[in-house]
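The values are calculated or read from the model by the stated rules, or taken from the named source; none is laboratory data. Because the structure is a prediction, the values reported are computed rather than measured. FYI the Cβ positions are ideal-geometry reconstructions off the backbone, even for glycines, and counts take in every protein chain you see.
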Amino acid sequence: MTVTISRLYDNYNDAQQAVRRLESAGVLNSDISIVANNSDSWFSTDKKVDRDRDGIDDRAEGAGKGAGIGAGVGGAAGLLAGLGLLAIPGLGPVVAAGWLAATAVGAAAGAATGGIVGALTEAGVSAEDAHSYAEGVRRGGTLVSARVADADRSSLDPILNESAINLRDRSAAWQKAGWKSFDPASAPYGAEEVRKERQLHGGTLR
């Protein structure tokens, strides 16, 4: 039986390390996904990466295929080499790679609850957590999700827990301020809003 484990991080670098630890633990690139807020344009596509010389940016290809370009062209860079820019309803510009991003974009047109929430719930994440994860990315966070064997969950959970936020506590804080659920029709956070949100929770930009 396969289950989906997910964690939210205030800092992209912490999420990046979580992905690398999952890869080192033997989780396949195709089973890992990362979705990071890019409202402050920290990730730039000014320089095209086209190592397989097909005329398409390798990072965008990697995000769509659900695997890092390192695997796609025989390298060893892993999932993070496949990062690409995407737009997901309610989140605005995100930097993403992996199956979740591809599913979210594909589901965006038809999912009543929004692409990212629909993709998470389809993968077995509870609706409550899916809304919180989506809102977390909207507010500047980075989401890491992995599809793993149920038998491996107990050993992989600690890998994701390191530096992850407490989702219940964070959701409760948002609710006290009036938040109810993720709304894909809401305006994405801008760079200044993201900066204030990160400062509020003691996070850094990257």
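Considering (1) part of a loop (DSSP other than H, G, I, E, B); (2) out of contact with any strand residue (DSSP E or B) (no Cβ under 8 Å at 6 or more places or on another chain); (3) among the polar types (S, T, N, Q), the lone condition that Q175 does not fulfil carries the number (1). The selection criterion, being of a type in the set (G, A, S) and at pLDDT below 55, holds for A76.
Here G190 passes the criteria (1) at pLDDT below 95; (2) surrounded by 13 or more Cβ atoms within 10 Å (Cβ to Cβ) except the one numbered (2).
Contact annotation: residue pairs with Cβ atoms under 7 Å, 6 or more positions apart or on different chains, pairing a residue in the stretch 2-27 that is within 18 Å of S39 (Cβ to Cβ) and in contact (Cβ under 8 Å) with a residue 12 or more places away in the chain with a partner that is buried (at least 19 other Cβ atoms within 10 Å of the Cβ) and of a type in the set (S, T, N, Q), are Y9/T142; Y12/T142; A15/T142.
Looking only at the stretch 117-147, residues that are outside any helix (DSSP H, G or I), aliphatic (A, V, I, L, M) and surrounded by fewer than 24 Cβ atoms within 10 Å (Cβ to Cβ) come to 2 in all.
Every condition in (1) assigned to a helix (DSSP H, G or I); (2) at pLDDT below 95 holds for A111 except the one numbered (1).
For (1) over 18 Å from the mean Cα position of the chain (by Cα); (2) among the aliphatic types (A, V, I, L, M), each residue gets a yes or a no:
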| position | (1), (2) |
| --- | --- |
| S132 | no, no |
| V137 | no, yes |
| V144 | no, yes |
| R147 | no, no |
| D152 | yes, no |
| S155 | yes, no |
| I159 | no, yes |
| D169 | yes, no |
| A185 | yes, yes |
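Being polar (S, T, N, Q) and buried (at least 16 other Cβ atoms within 10 Å of the Cβ) is the filter; apply it to the stretch 2-28 and report the residue that is nearest to L143 (Cα to Cα). This residue is S6. One residue alone among R7, R21, R53, R59 is at pLDDT 55 or above and over 14 Å from the mean Cα position of the chain (by Cα), and that residue is R21.
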